[in-house]
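Structure, as structure tokens:
The values are calculated or read from the model by the stated rules, or taken from the named source; none is laboratory data. Here the structure is a predicted model, which means the values were calculated and not measured. Positions of Cβ are generated from backbone atoms using ideal geometry, with glycine treated the same way; all protein chains shown enter the neighbour counts. Just the protein is used for accessible areas: all its heavy atoms, side chains included, with ligands, DNA and RNA removed. Shrake-Rupley method; radii C 1.70, N 1.55, O 1.52, S 1.80 Å.
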Amino acid sequence: MKVKQRKGEFFISTDHGDAFLKYRIEGNKMVIYETIVPPEERHKGIATALTEYAFSFADKNNLSIVDECSFTTDYIKKKAS
């Protein structure tokens, strides 16, 4: 899966449209507020790939994550356990 970037979002093109993770930068924070995957592409690891890419991007750019997205919240909880 190749993650691409547009202003304010990371995305992966699929056969059923783009899956994306939306964010905004506020100072030294990356606010992740939405992750959407086309229904036909769910449960294939796409949202996880986007989230991991976003976390890597934040780390490389010295940004802390502010999570306002339910998928991101679940991802963080799973990583912590």
Worksheet item: Label Arg6 and Glu26 with points 7 Å out from Cα along Cα→Cβ: what is the distance between them in nm?
Response: 2.4 nm
Worksheet entry | P(r), alpha carbons of the chain - 10 Å bins starting at zero, rounded % | 19, 55, 24, 2
Worksheet item: Carbon-plus-sulfur fraction of the accessible area of the chain, 1.4 Å probe, in percent?
Response: 48 percent
Fill in: Other-chain or far-sequence residues with amide H under 5 Å of Ile65's (modelled H)
Met30
Fill in: the chain: calculated mean residue ellipticity at 222 nm from DSSP helix runs of at least 4, using -39500 (n - 2.57)
-10000 deg cm²/dmol
Discussion item. Per residue of the stretch 37-44, what does 6.51 cos²θ - 1.76 cosθ + 1.60 with θ = phi - 60° give for ³J(HN,Hα)? Whole Hz please, x for Gly and Pro, Karplus curve as stated.
Written reply: 10, x, x, 5, 9, 6, 6, 10
Worksheet entry | Heavy-atom surface of the chain, accessible at 1.4 Å and reported per residue (Å²) | 64 Å²
Worksheet, complete the sentence: To the nearest 0.05, the calculated FRET efficiency linking Asp18 and Lys79 through their beta-carbon distance, R0 being 22 Å, is 0.30
Discussion item. Could you derive backbone 3J(HN,Hα) for the stretch 6-21 from the dihedral phi with the Karplus parameters 6.51, -1.76 and 1.60 (θ = phi - 60°), listing whole Hz in sequence and x where the residue is Gly or Pro?
Written reply: 10, 4, x, 7, 10, 8, 10, 7, 10, 5, 10, x, 7, 9, 8, 10
Practice prompt. Mind pulling the angle between the C-alpha long axis of helix 46-60 and the longest principal axis of the chain? Nearest 10 degrees, somewhere in 0 to 90.
Written response: 30 degrees
Discussion item. How much length would be gained if the chain were fully extended between Val66 and Lys44, taking 0.36 nm per residue of separation minus their Cα-Cα distance, in nm to one decimal?
Written reply: 5.4 nm
Practice prompt. Give me the angle, in degrees from 0 to 90, between the Cα long axis of helix 70-80 and the longest principal axis of the Cα atoms of the chain, rounded to the nearest 10.
Written response: 70 degrees
